[in-house]
Amino acid sequence: MSGQINAFEMAQKQFDGVAKQLKLDPGVAEVLRWPMREFSFRIPVRLDDGSLKVFQGFRVQHNDARGPNKGGIRFAANETMDTVRALATWMTWKCAVADIPLGGGKGGIIVDPSTLTVNEKEEMCRGWVRAMWKNIGPRNDVPAPDIGTTPQMMGWMMDEYSRLVGQYTPGVFTGKPLGGGGSLGRTEATGYGVIYTVREAMKHLNIDGKNSVAAIQGFGNVSQYAAAGFVEMLGGTVACVSCWDRHDKKAYTYSKKGGIDPRFLLTIVDEYGTIDKSKAQDAGYIVEDGDAWITKEANVLIPAAMEGQVTADTISKMSKGIKIVAEGANGPCTPEADEYFKKNNIFDIPDFLCNAGGVTTSYFEQVQNDMNFYWSKEEVLGRLDEKMTSAFNSVVDRSEKEKVYMRDAAYMVAIDRVVQAMHLRGWLTGNS
Ligand code: NAD
């Protein structure tokens, strides 16, 4: 995470503001501003050179009133318990706002996965499951991929869990590979989901997609399909994408006159979201500093790389033409950015609404695993569009009814649903 921003403090600050507006009982607010359970553990891994190295692992289960905890596992060198707490908290709100019957969880390991061999990655995945298997499962906590983890890794994790419990249990992890219990459409789901919400925001604001230009941060799973969807579904232009170059250890922005071609860039990006710089330059792409993405002339800004990127500092460089900010990443905009958006009438699609397509399709994957009956890609994406559109509309309605900012409205919808579930389960009556 960038600078001094602590993602969990940010998640709590956002929650506290809305809890106050909702006049939430202070005891109930205290239940929700902290995770219910946290796991911190060490994972010994035998490296290919024969040495034994120990890695730090985490899992946080924020709230499971509405159903099993759900959320990704990150393999990242800068992973911290507070980042995992924040992401688990946002997962609770995300599942609630998307109205899927799941709670909020998140996990991680402090490691740079690009430094590991395939064998070491598999060992790391299996080690994480050996530490956590008694506390995860299709009915209590269902992890998925996130930054630094892939469908193949989920396949190994599902296999390790199945071995430990003694039966094939595909529904314990989602984001698995196709043919290994995965769902069609999961790869595209988060990025396309971002675009479904941008499409609805454009309808709401009377903006023509065909004359729209997006500036995108990131070129990983979310941003790749957000970029493709922006061009292919909305008919718009993508001015630039940016990515972290894992070889040069710095970020670059890639742009091209007339707009980038996402499908071409998809052919020259590696599994960690690093674009091959020389191939891009050969194809006529302009390569600038990582920060340049936010300065591009555009009316839609899609931060889809990581948290804490649109800050008081970077916002001063933002194009004045921006009308919509679609938060593809988790927590990309700081509270100072929120203030700027409010003041300048910029329509924000908050992260846990905007990027809910991934978890919604993960939920579909679990449903298919449970039924042992698999849907076509069209069916998955059609159902996803329905869910995202309905979630967007319930947040816009609340925002208009209460005259509140979109993020606050999304929190209101989500918090109401979680509190209602806790009430219905008797968690708040004193008898449980
Ligand atoms: P990813 O690892 O596939 O891609 C991340 C991308 O961001 C890569 O292109 C990387 O190079 C780039 N990046 C990293 N640091 C950068 C920097 N400083 N400047 C510019 N680019 C940088 O990850 P992802 O799955 O696309 O996830 C991106 C964000 O979306 C994360 O916040 C994640 O939590 C969130 N998210 C992901 C999903 C999902 O289904 N993948 C779902 C919901 C939310």
**Item:** Index of the failed condition, LYS250 passing every other in (1) at negative phi; (2) in contact with a Ser or Thr (Cβ under 9 Å, 6 or more places away or on another chain); (3) within 12 Å of the ligand (Cβ to nearest atom)
**Value:** (2)
**Message:** Whether any residue in segment 208-217 is surrounded by fewer than 23 Cβ atoms within 10 Å (Cβ to Cβ), without any contact (Cβ under 8 Å) to a residue 24 or more places away in the chain, over 30 Å from GLU386 (Cβ atoms) and away from the ligand (no atom under 16 Å from the Cβ) is what I want to check.
**Reply:** no
**Fill in**
With criteria (1) in a helix (DSSP H, G or I); (2) closer than 22 Å to GLY155 by Cβ; (3) not polar (S, T, N, Q), GLY27 comes up short on (2)
**Item:** Residue among ALA144, ALA189 that is touching a Leu at 6+ places or on another chain (Cβ under 8 Å) and buried (at least 23 other Cβ atoms within 10 Å of the Cβ)
**Value:** ALA189
**Asked** For ASP289, which of the numbered conditions (1) away from the ligand (no atom under 14 Å from the Cβ); (2) surrounded by fewer than 16 Cβ atoms within 10 Å (Cβ to Cβ) fails to hold?
**Response** (1)
**Complete:** Considering only helices (runs of 4 or more DSSP H) wholly within segment 193-309, the ones with at least 2 residues that are in contact with a Pro (Cβ under 8 Å, 6 or more places away or on another chain) are 221-232
**Message:** Test of understanding: among THR174, THR187, THR197, which residue is at pLDDT below 95, under 24 Å from LEU102 (Cβ atoms) and within 23 Å of the chain's Cα centre (by Cα)?
**Reply:** THR187
**Prompt:** Inside segment 41-67, can you point out the residues that are among the small types (Gly, Ala, Ser) and under 30 Å from HIS423 (Cα atoms)?
**Reply:** ALA65, GLY67
**Message:** Checking THR274 against (1) under 29 Å from LEU87 (Cα atoms); (2) away from the ligand (no atom under 12 Å from the Cβ): exactly one of these is not met. Which one?
**Reply:** (2)
**Request:** Check off (1) closer than 24 Å to VAL241 by Cα; (2) surrounded by fewer than 24 Cβ atoms within 10 Å (Cβ to Cβ) for ALA298 and give me the number that stays unchecked.
**Result:** (2)
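Per-residue answers, yes or no, for (1) of a type outside the set (Val, Ile, Thr); (2) under 17 Å from the mean Cα position of the chain (by Cα); (3) outside the structural domain of VAL198 (by TED's automatic domain parsing):
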| position | (1), (2), (3) |
| --- | --- |
| THR334 | no, yes, no |
| ASN369 | yes, no, yes |
| ARG383 | yes, no, yes |
| VAL395 | no, no, yes |
| SER399 | yes, no, yes |
| TYR411 | yes, yes, yes |
| ASP416 | yes, no, yes |
**Request:** Go through (1) within 24 Å of the chain's Cα centre (by Cα); (2) of a type in the set (S, T, N, Q); (3) in a helix (DSSP H, G or I); (4) assigned by TED's automatic domain parsing to the domain that holds MET132 and name the single condition SER162 misses.
**Result:** (1)
**Fill in**
Heads up, the helices (runs of 4 or more DSSP H) in segment 316-432 (entirely inside) with at least 3 residues that are in contact (Cβ under 8 Å) with a residue 60 or more places away in the chain and under 21 Å from GLY220 (Cβ atoms) are 351-354, 357-371, 377-402
**Request:** Using the structure shown, decide if PHE352 is aromatic (Phe, Trp, Tyr), out of contact with any Phe, Trp or Tyr (no Cβ under 6 Å at 6 or more places or on another chain) and closer than 23 Å to SER394 by Cα.
**Result:** no
**Request:** Pull up segment 360-392, narrow it to residues that are hydrophobic (A, V, I, L, M, F, W, C) and closer than 17 Å to TYR411 by Cα, then point me to the one that is farthest from the ligand (Cβ to nearest atom).
**Result:** PHE392
**Residues satisfying the stated conditions in segment 132-148, i.e. more than 16 Å from the ligand (Cβ to nearest atom) and either among the acidic types (Asp, Glu) or closer than 28 Å to GLN224 by Cβ (or both)** = ASP141
**Request:** Please find, within segment 158-181, the residue that is surrounded by the fewest Cβ atoms within 10 Å (Cβ to Cβ) out of those that are in contact (Cβ under 8 Å) with a residue 40 or more places away in the chain and within 16 Å of the ligand (Cβ to nearest atom).
**Result:** LYS176
**Prompt:** Got a number for residues in segment 225-246 being out of contact with any strand residue (DSSP E or B) (no Cβ under 7 Å at 6 or more places or on another chain) and within 11 Å of the ligand (Cβ to nearest atom)?
**Reply:** 2
**Message:** Test of understanding: among ILE100, ILE109, ILE73, which residue is part of a loop (DSSP other than H, G, I, E, B) and of a type outside the set (Gly, Ala, Ser)?
**Reply:** ILE100
**Request:** Answer yes or no: is there a residue in segment 293-307 that is modelled with pLDDT under 95 and either outside the structural domain of ALA227 (by TED's automatic domain parsing) or within 14 Å of the ligand (Cβ to nearest atom) (or both).
**Result:** yes
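The values are calculated or read from the model by the stated rules, or taken from the named source; none is laboratory data. Being a predicted model, the structure only gives us computed values, none of them experimental. In this analysis, Cβ positions are derived from the backbone assuming ideal geometry, glycine residues included, and neighbour counts consider all displayed protein chains.
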